[in-house]
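Remarks on the structure that follows.
Each value in this text was obtained by applying a stated rule to the coordinates, not by laboratory testing. The structure displayed is predicted, hence computed values, not measured ones. Here Cβ is always computed from backbone atoms with ideal geometry, including for glycine, and neighbour counts include all displayed protein chains.
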Amino acid sequence: MDGIFIISFLFLLIGSFFMDRKMLRQEKKGIKMTYGITVGIILLFLTMKIFHISIPMPSYFFVKIVSPWLIRVLGV
C-alpha cells in the first residue's frame, strides 16, 4: 500500500467520523459500539501498515503452519 493512499484514506476516515458524529449521538449504544470498534480496527491496521508491521492473515497461517503439518501427517 502506498503512503499517499494510507494518508488519504486516513483523512477520509476522519472526515467521515466528523460527519457521522451528529447522527451517532442519537443512535443506540450497540450501533455506537459497532461503529467505534470498526473505526478502531481500521486505525489499527493503518497504523500497523505505516510502521511496516505485518498484519496476521489466516491464509498465511494456513500455508506456513497447517499445510506442512498436514503433509507430514498424511505422508504425502
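Among residues of the stretch 1-26 that are closer than 15 Å to residue 43 by Cβ, those with a Cβ under 9 angstrom from a residue that is not in a helix (DSSP H, G or I), sequence gap 6+ or separate chain, pair up as 9/1. The helices (runs of 4 or more DSSP H) falling completely within the chain that include 2 or more residues that are surrounded by fewer than 11 Cβ atoms within 10 Å (Cβ to Cβ) and of a type in the set (A, V, I, L, M, F, W, C) map to 3-24, 29-50, 67-74.
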